[in-house]
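In what follows, a single structure is set out as structure tokens and then discussed.
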Amino acid sequence: MEKIKLSETSTENIVKVGSYRWVVCALLFFATTINYIDRQVIGLLKPTLEREFNWSELDYGYIIMFFSASYALGYIVFGSIIDKLGSKLGYAVSVTVWSIAAMLHAAARTTLGFGLVRGLLGLAEAGNFPAAVKAVAEWFPRKERALATGIFNSGTSIGAVAAPLLVPWMLSAYGWQEAFLLTGAIGFVWLVLWWYFYEVPSRQKRLSPQEYSFIHSDEEFEHQENAGSLKWGRLLRIRQTWVFIIGKVLTDPVWWFFLFWLPSYFATTFKLDLTKPSLPLAVVYTATTFGSIGGGYLSSYLIKKGWPVLKARKTTLLLVAFVVLPIILARYATDIWVAVGIISLAAAAHQAWSTNIFTIVSDIVPKSAVSTVVGIGGMSGSIASTVFPLFVGALLQYYENLGNIGAGYNILFIICGLAYFSAWIIIHFLTRRMKPVALS
């Protein structure tokens, strides 16, 4: 279709005429929510599974490491597959496999068995973000992409909130096996809705011509969707790819620490009972919802005010980096709710960071290579997240043996506080005078 340039008035009318793109955003949100419920279950069942299988902190670190390594591999596999198969089929394959893997945890009877099904879960769950970011690039103009990404990315927060409320109830009412079975089965409900409602804009019969034009209204610097793709070797030689790699490598391990060790931190430091619904954890992960949507809204707002796209993204990232810094002070918290407040701020800031770093990919990379670049950067971040759990497990084991596990957490909070500002400095220098890469 011919590109139509829209005025603000016509844009407002189009938003009223059709908003099917927000139906798509809702589907992406629910998939991401399910993704994080499924991966969060093991962290909440950690004390129960430690007693059941006699795990040490290091054993748990190995299991998380195996998930992270498989997740890294899955990023690169699904990133390429989704660019080839398209977002609809690629996403469906990812959700099908990870839902099966989540349910298979119930059949595990050994530590090795947990590691294997955990690996399958990680492999398939990695398809979520390459598919979702590609779908946002296909369905939203630049001025709305960060907000749309923030909304679907907030599913990570909602999933992390829902899990501490649902899993302890399932554990007490049924058992740990049933907790894996019930949470894993949710993905199949989503699959039915996805297959019925989703299609790319050019083939979506429910989409009005006006909304199609709005979706493509600010593509002055975009590339044609059928213009071809960039080879891996070329992608790794351009700064655009390394912006995303750096943004993921230095910050992904922090989020994984929040996901898999925060329950244990509150249990050991403040005697939180993880066999019951956990309000402190729910508060932390609820805060991340506001961070995800707020971070997306802020950069989108700045763009609508006339800021250059990259400047708006980088300014938001810098603000986020400063907001994370107070987590260094968590070591001085003697009351659980003071710790909850400090950690909530940092976790919310991470999600604002995540929203904008994902959106930058669609700003500076052609649509036909978005999933591949997300896969490369996601794999890199997951490799870092694979090594980090080993460090965390060994560090906490060392200080636990000394009878002072809190000192181990203090070191980890310092690392978390400095990670984002370090990443921003590198990204700033990589993106000076950067323009979207052109396909040859």
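The values are calculated or read from the model by the stated rules, or taken from the named source; none is laboratory data. Everything numeric here is computed off the predicted structure, so don't read it as measured data. Here the Cβ is made from the backbone with ideal geometry for all residues, glycine too, and neighbour counts use every protein chain on show. The area values use the complete protein model at the heavy-atom level, side chains included, leaving out ligands, DNA and RNA. Shrake-Rupley method; radii C 1.70, N 1.55, O 1.52, S 1.80 Å.
Below, the figures for the structure above:
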quantity	calculated
Principal axis box of region 61-180, alpha-carbon based, largest edge first, Å	47, 29, 25
Per-pair calculated FRET efficiency, R0 = 51 Å: R237 and L402 via Cβ, rounded to 0.05	0.60
Apportionment of accessible area to carbon and sulfur, the chain, percent (1.4 Å)	66
Which of F244, F30, F270 is most accessible, then next, and so on - probe 1.4 Å	F30, F270, F244
Relative intensity, log₁₀ I(q)/I(0), of the chain from a Debye sum that treats every alpha carbon as a point, q = 0.10, 0.12, 0.14 Å⁻¹	-0.66, -0.95, -1.29
Relative packing of 154-160, 258-264, which averages over residues the other C-beta atoms within 10 Å, highest first	154-160, 258-264
Residues of region 233-252 with amide N under 20 Å of a point placed 7 Å along Cα→Cβ from I425	242-252
Within region 287-320, backbone nitrogen closer than 18 Å to the virtual label 7 Å beyond the Cα of S19 toward Cβ	293-294, 296-298, 300-301
Extended-chain gain in nm, criterion 0.36 nm per residue less alpha-carbon gap, L325 and L279	14.2 nm
Solvent exposure of the chain as accessible area per residue, Å², 1.4 Å probe	39
Kirkwood-type radius of region 320-440, with distances r between different C-alpha atoms, in Å	16.6
Residue of R21, R331, R234 that the Gaussian network model of the chain assigns the largest fluctuation, springs spanning Cα pairs under 10 Å	R234
